[in-house]
Every structure is written in C-alpha cells, then in structure tokens.
1. Looking only at region 95-126, count every residue that is more than 20 Å from residue 173 (Cβ to Cβ), out of contact with any helix residue (DSSP H, G or I) (no Cβ under 6 Å at 6 or more places or on another chain) and not basic (Lys, Arg) and tell me the total.
2. Select, from 9, 55, 37, the only residue that is more than 27 Å from residue 149 (Cβ to Cβ) and either charged (D, E, K, R) or in contact with a His (Cβ under 6 Å, 6 or more places away or on another chain) (or both).
3. What tally of residues in region 107-143 results from selecting those that are outside any loop (DSSP other than H, G, I, E, B) and out of contact with any strand residue (DSSP E or B) (no Cβ under 8 Å at 6 or more places or on another chain)?
4. Among the listed residues 89, 106, identify the single one that is open to solvent by 30 Å² or more (accessible area, probe 1.4 Å), modelled with pLDDT of 95 or more, within 26 Å of residue 156 (Cβ to Cβ) and of a type outside the set (A, V, I, L, M).
5. Quick check on this structure: which one of 207, 218, 193 is over 12 Å from residue 2 (Cα atoms) and open to solvent by 40 Å² or more (accessible area, probe 1.4 Å)?
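The values are calculated or read from the model by the stated rules, or taken from the named source; none is laboratory data. As the structure is a computational prediction, the values presented were derived from the model and not from experiment. Cβ placement follows ideal geometry from the backbone for every residue including glycine, while neighbour counts extend to all protein chains displayed. Heavy atoms of the whole protein, side chains included, go into the accessibility calculation; ligands, DNA and RNA do not. Shrake-Rupley method; radii C 1.70, N 1.55, O 1.52, S 1.80 Å.
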Amino acid sequence: MLILLSPAKTLNENFDYSSDLYSLPDFLSESEILVNKLKTFSAKKLTGLMNINPKLAELNAGRFAHWSLPFEPGIAKPALLMFNGEVYNGLKASSLSEMDLQYAQNHLRILSGLYGILRPLDIIKAYRLEMGTKLKPGRKKDLYHFWGDKITDKINEELSSHNSRVLLNLASAEYFKAVKTDRVKARIISCNFKEEVNGQYKFVTVFGKKARGLMARFIIQNRIDNAEDIKHFEEEGYFYNDRLSSENEWLFTR
C-alpha cells in the first residue's frame, strides 16, 4: 500500500538533522527546469503568480535565487520533517522512531508542485509552488501538463513491489489531480473526514487536514498494509462511517 499526502505551505527550516537516513528526490532535473523559470520572476511577479503577499514573494524569490544542485545534507533537509502545516501537525513526524521513518519511506509519498513526488526522507530546499499555480514552463500550459505521466508512472513503479496494490489518497483535490487515476495499476481508496455540525456532517478544513496526518501516522506506527485494517482508525474521536461510505470512498466522522 502506498499513501499519498499533499505538501504544506508552512515550512519548518530550523531543525537539525544529522542522520545518514536520507534520499534524493527522483525528479531533480525537472525541479531545476522549474526553478530556472521561476528565477526569471521578480518578487512583484511572484506576488501575482502565486497570489501571495509581497513579504512572502520576497522570501520565495530569495529561495529560488539560491536554489542550486547538487543537494547536500544539512543544507537540504528531509521533506517529512520540513513540511509543517495542519496535515503534518497530525502526523508529528519529529516524534516518529527511526523504524517508523524507514516504514514511511517505503509506504508514504508526498505530491509536490516543484518536486513532483517525494519520499519522506528525500532532502529538499525550502520552496513554495502549489500544484495549481499557473506557471507555464516551456510549452506546457501549467504544472499538471509539465509533470504529465511522470508522477503516475513513478507511483505504478513503486506499487509494483508492494504486496498490497492499494493507493490510499489522503491528498487534497488540487494535488491528487496530478495523478492520472485511469492509469494507476492499483485499487484507489480515498478517505475523507467530516465533523457533525447541527446534525449534518461537514468537512472543516483545519480538522480535516489534521485528520489526514493522524491517519498517515496511524498506518505508519501500526505497519498497516491491509486496507481493511484502516477502518479501525479511531484517533481523536473519528470512526469509520459505514453508512456514508462507498466501496472506494471511505468517510470517517465524529
């Protein structure tokens, strides 16, 4: 089984990582093409392109200006520890054991606008580039067309070595759109999380995102490889809602 997550906009760059457990992203040459394109944008243009404030635009213009290969440990850091949004608040990667991280390395993937797809211990440099950004690299009209089949092909390649051919989607719609589901050679299960509000179940962004991270952590720590066992997830009051779930769309409510 392979788990998919979205990256985070918020990053934690201020941590030490001295372990020799790390890997390099598979698509660094493609990342370099994107960065070289982004280096031509002023901070003012990045503000419009990314719909961010001038301060964030200045920060990211500086990041792109100093982005270069090769990556070295210490300067580039593991993706799972650097991402710091609500999903990763639920996952709490910094508290995972070394064995947990090794399991995650084989069973968890993070979709990325800049890096395509990342293993947890792939070292990256700080960036911001959402998959839905209307960047036009070369003759490609956006990042979805830039990445094309590469992300899906990599997913299929990695699933081929798994006993359980299941792709568990815990990513947002924006990122999962980069996966060509009709070409995935596995069962795809998507999980959603909703809160009961005034007698109705609703997706509340801050809670739903954290729940994705909680589920990823649950799977990693319990070494779950049988999809049916995911239904035992009951972290922070959630439970599998059989009545509102379908064969491949699983809903957890609280």
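1. Initially, region 95-126 is screened for residues more than 20 Å from residue 173 (Cβ to Cβ), giving 95-107, 119-126.
Now restrict to residues that are out of contact with any helix residue (DSSP H, G or I) (no Cβ under 6 Å at 6 or more places or on another chain): 95-99, 101-102, 105-107, 123, 125.
Among the residues that remain, those that are also not basic (Lys, Arg) are: 95-99, 101-102, 105-107, 123.
Count: 11.
2. On the way: 9 fails: more than 27 Å from residue 149 (Cβ to Cβ); 37 fails: more than 27 Å from residue 149 (Cβ to Cβ).
Unique residue meeting the criteria: 55.
3. Keep residues of region 107-143 that are outside any loop (DSSP other than H, G, I, E, B), which gives 107-112, 116-118, 122-124, 143.
Now drop any that are not out of contact with any strand residue (DSSP E or B) (no Cβ under 8 Å at 6 or more places or on another chain), which leaves 116, 143.
Number of matching residues: 2.
4. Values: 89 fails: within 26 Å of residue 156 (Cβ to Cβ).
After applying the criteria, what remains is 106.
5. Numbers: 218 fails: open to solvent by 40 Å² or more (accessible area, probe 1.4 Å); 193 fails: open to solvent by 40 Å² or more (accessible area, probe 1.4 Å).
Of 207, 218, 193, the one residue that is over 12 Å from residue 2 (Cα atoms) and open to solvent by 40 Å² or more (accessible area, probe 1.4 Å) is 207.
Condition check ((1) crowded, with 20+ Cβ neighbours inside 10 Å; (2) among the polar types (S, T, N, Q)) across all residues:
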position	(1), (2)
26	no, no
33	no, no
37	no, no
54	no, no
60	yes, yes
63	no, no
79	yes, no
